[in-house]
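Some notes on the structure that comes next.
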Amino acid sequence: MNEKFFDLKKEKQDRMINAGLKVFAQNGYRHASTDEIVKEAGISKGLLFHYFVSKAGYYAFLYDYITRFTILELTSEIRDTAIDYFDLQKEILEVEADLMEQYPFLFLFLESVRLEDDPEGLTVLLGQGKNVTAYYDEMLGNADIAGYLRIDDAQSVSDIIHFVKTGTMRETLTGRKGKVSDYTKKMQAVLSQLRHLASNL
């Protein structure tokens, strides 16, 4: 990656990052078109390749940058993970909402990476460091579920919440007037309902 990318104005950096996150999230690596990316970003293809050389280089940059950024924000905002499970989920949702205000398709991009099956895309991802999924598992594995006798396995509940989050993001953000705040409200309601069901003896 060309380090001079970070000499660009922040607004232009974010346009180039957001364009890639959106197009890769919606199409996967194989079907993501650099033509669509540069159109979304409002830049020339020459500029994209000037900083990232190739589609693979751009994809690698996005994955590395977004992974580091997400883990850094979660780490700095959530200091104690050994708390009530649903309180922790609420804190995570608040951090996610802040991240999505800057990068709306961040988590849908990470989900597309998790499901990637294209050989070239997978090659790009080889050797990358700690991933966000592993970090979430580590955080949520420390949460306290003692007060929820209906929860035998926190991982299963976390998987359900992840599935609902992903579907809600897709439904909300791909709409014409999709807003991050709409996503957040829906997920707050889901977490409240799950907490009620888990503690309703």
Sole residue being more than 28 Å from Glu171 (Cβ to Cβ), more than 11 Å from the chain's Cα centre (by Cα) and acidic (Asp, Glu), chosen from Asp80, Asp118, Asp87, Asp35:
Asp80
Counting just the residues of region 57-96 that are over 18 Å from Lys22 (Cβ atoms) and of a type in the set (Gly, Ala, Ser), which one comes out most open to solvent (accessible area, probe 1.4 Å)?
Ala82
Determine whether Ser44 is more than 22 Å from the chain's Cα centre (by Cα), small (Gly, Ala, Ser), under 22 Å from Arg68 (Cα atoms) and surrounded by fewer than 21 Cβ atoms within 10 Å (Cβ to Cβ).
no
Checked Met1, Met16 against criteria (at pLDDT 95 or above and out of contact with any Cys (no Cβ under 9 Å at 6 or more places or on another chain)); the one match is Met16
Restricting attention to region 138-194, report how many residues are surrounded by 15 or more Cβ atoms within 10 Å (Cβ to Cβ), under 26 Å from Gln26 (Cα atoms) and within 16 Å of the chain's Cα centre (by Cα).
15
Out of curiosity, is Arg114 closer than 21 Å to Gly28 by Cβ and either open to solvent by 40 Å² or more (accessible area, probe 1.4 Å) or without any contact (Cβ under 8 Å) to a residue 24 or more places away in the chain (or both)?
yes
Out of (1) out of contact with any Lys or Arg (no Cβ under 6 Å at 6 or more places or on another chain); (2) under 24 Å from Ala25 (Cα atoms); (3) open to solvent by less than 20 Å² (accessible area, probe 1.4 Å), what's the single condition that is false for Ala134?
(3)
Please verify whether Arg30 is touching an Asp or Glu at 6+ places or on another chain (Cβ under 6 Å), open to solvent by 40 Å² or more (accessible area, probe 1.4 Å) and not aromatic (Phe, Trp, Tyr), treating the condition exactly as stated.
yes
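The values are calculated or read from the model by the stated rules, or taken from the named source; none is laboratory data. Just so we're clear, the structure is a prediction, and the values are computed from it rather than from any experiment. A quick note on method: Cβ atoms are made from the backbone with ideal geometry, for glycine too, and the neighbour counts reach across all protein chains shown. Each accessible area value is taken on the protein alone, full model and side chains, heavy atoms only, with ligands, DNA and RNA left out. Shrake-Rupley method; radii C 1.70, N 1.55, O 1.52, S 1.80 Å.
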